[in-house]
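What follows is one structure encoded as C-alpha cells, with my remarks underneath.
The values are calculated or read from the model by the stated rules, or taken from the named source; none is laboratory data. The structure displayed is predicted, hence computed values, not measured ones. All Cβ positions, even for glycine, are placed from backbone atoms using ideal geometry, and neighbour counts span all protein chains on display. To get the accessible areas, we keep the full protein, side chains included, count just its heavy atoms, and leave off ligands, DNA and RNA. Shrake-Rupley method; radii C 1.70, N 1.55, O 1.52, S 1.80 Å.
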Amino acid sequence: MAAPGRMVVLGVGNLVMSDEGLGVHCVERLQLSGALPPEVTLIDGGTSTSELLGDLEDLDLLIIVDAVAGEGPPGRLVRLEGDRIPAAFSNKLSPHQHGINDVLATLRLLGRAPGRVVLLGMIPGRIALGFELSPEVEAALPALAALVVAEVTRATATPGAAQGPDQERPP
C-alpha cells in the first residue's frame with residue numbers, strides 16, 4: 001500500500017522516434033534539475049507501460065508526461081485530467097499510449113487507481129526515426145517541465161484541491 005501523499009511523474013515515449021520521446025526527455029531533465037521535492041517519484045516509463053502496474057497503484061497523484069496528438073502548432077502545451085485522458089490516447093501516436101489506458105483501467109478494476117491522474121503533454125512537431133527533438137519541441141520543453149513542477153507544487157500546497165480546467169497552452 002502506498003504512503004499518504006504519494007506522487008509519481010511518469011514520462012513515457014519512444015526516444016528513437018524524435019518528438020514521441022518528449023515525455024522521457026522531460027522526466028530526465030527534471031531528474032537532473034532537482035526541481036521536484038524528494039517525495040515525488042520520477043519514472044522513465046519509456047514504452048513499457050504495462051510493466052508499471054505496481055509502481056502506479058494507490059497513488060494520490062499520477063502525472064503522465066507524453067506527446068499528445070492534437071490540433072495546434074508543435075510545442076503547444078496540453079493539460080488534461082481524469083476522464084479526458086483515455087480520449088486523448090485514442091489518437092495514438094505510439095502503441096505505448098494504448099498500454100497507458102490498459103494500466104489505468106486495470107488499476108480501476110483492482111480498486112488501486114490513483115486518486116488523481118493528470119496528463120501534461122505537448123503537440124509534437126516530428127514523429128520519425130531519430131533521436132533529436134524538433135526545434136519547436138526542444139524550445140518548449142522547459143515550459144513543459146515548469147508545468148510539471150507547478151502541478152506538483154499546487155498538489156502539495158492544497159492536497160485534494162481541484163487544479164483547474166483542462167486546457168492547451170502556448171509554449
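Scanning for something among the charged types (D, E, K, R) and not in a loop (DSSP other than H, G, I, E, B), does region 5-18 turn up at least one residue? Before the answer, list the steps.
The first filter runs over region 5-18 and keeps only residues among the charged types (D, E, K, R), leaving 6.
Subsequent filtering for residues that are not in a loop (DSSP other than H, G, I, E, B) retains none.
Checked against the condition, which is being among the charged types (D, E, K, R) and not in a loop (DSSP other than H, G, I, E, B), region 5-18 yields no hits at all.
Could you please give the count of residues in region 113-149 that are at positive phi and outside any strand (DSSP E or B)? Walk me through it before giving the result.
Residues of region 113-149 that are at positive phi, as a first pass: 130.
Restricting the remaining residues to those that are outside any strand (DSSP E or B) gives none.
The number of residues fulfilling the criteria is 0.
Filter region 20-42 down to the residues that are modelled with pLDDT of 95 or more and closer than 21 Å to Arg112 by Cβ, then identify the one that is surrounded by the most Cβ atoms within 10 Å (Cβ to Cβ).
The qualifying residue surrounded by the most Cβ atoms within 10 Å (Cβ to Cβ) is Val40.
Residues being out of contact with any strand residue (DSSP E or B) (no Cβ under 8 Å at 6 or more places or on another chain) and touching a residue at least 60 places away in the same chain (Cβ under 8 Å): count how many of those fall in region 31-73.
Residues that pass the stated criteria total 4.
Considering only residues that are part of a loop (DSSP other than H, G, I, E, B) and farther than 17 Å from Val117 by Cβ, look in region 150-171 and name the one that is modelled with the highest pLDDT.
Narrowing region 150-171 to residues part of a loop (DSSP other than H, G, I, E, B): 158-166, 170-171.
With the extra rule that they be farther than 17 Å from Val117 by Cβ, the set shrinks to 158, 170-171.
Details: Thr158: 64, Pro170: 46, Pro171: 46.
Once the filter is applied, the top-ranked residue is Thr158.
Those residues that are in a loop (DSSP other than H, G, I, E, B) and surrounded by fewer than 22 Cβ atoms within 10 Å (Cβ to Cβ), I need them from region 43-60; list them, please.
Answer for region 43-60, where residues must be in a loop (DSSP other than H, G, I, E, B) and surrounded by fewer than 22 Cβ atoms within 10 Å (Cβ to Cβ): Thr47, Ser48, Glu57, Asp58, Asp60.
Are any residues in region 3-19 open to solvent by 50 Å² or more (accessible area, probe 1.4 Å), without any contact (Cβ under 8 Å) to a residue 60 or more places away in the chain and in contact with a Gly (Cβ under 7 Å, 6 or more places away or on another chain), and if so, which ones? First the steps, then the outcome.
The first filter runs over region 3-19 and keeps only residues open to solvent by 50 Å² or more (accessible area, probe 1.4 Å), leaving 3-4, 6, 15-17.
Still in the list and also without any contact (Cβ under 8 Å) to a residue 60 or more places away in the chain: 3-4, 6.
Scanning region 3-19 gives no hits.
One residue is enough: does region 85-95 have a residue meeting the conditions touching a Gly at 6+ places or on another chain (Cβ under 9 Å), modelled with pLDDT under 85, open to solvent by 20 Å² or more (accessible area, probe 1.4 Å) and of a type in the set (A, V, I, L, M)?
Yes, region 85-95 contains at least one residue that is touching a Gly at 6+ places or on another chain (Cβ under 9 Å), modelled with pLDDT under 85, open to solvent by 20 Å² or more (accessible area, probe 1.4 Å) and of a type in the set (A, V, I, L, M).
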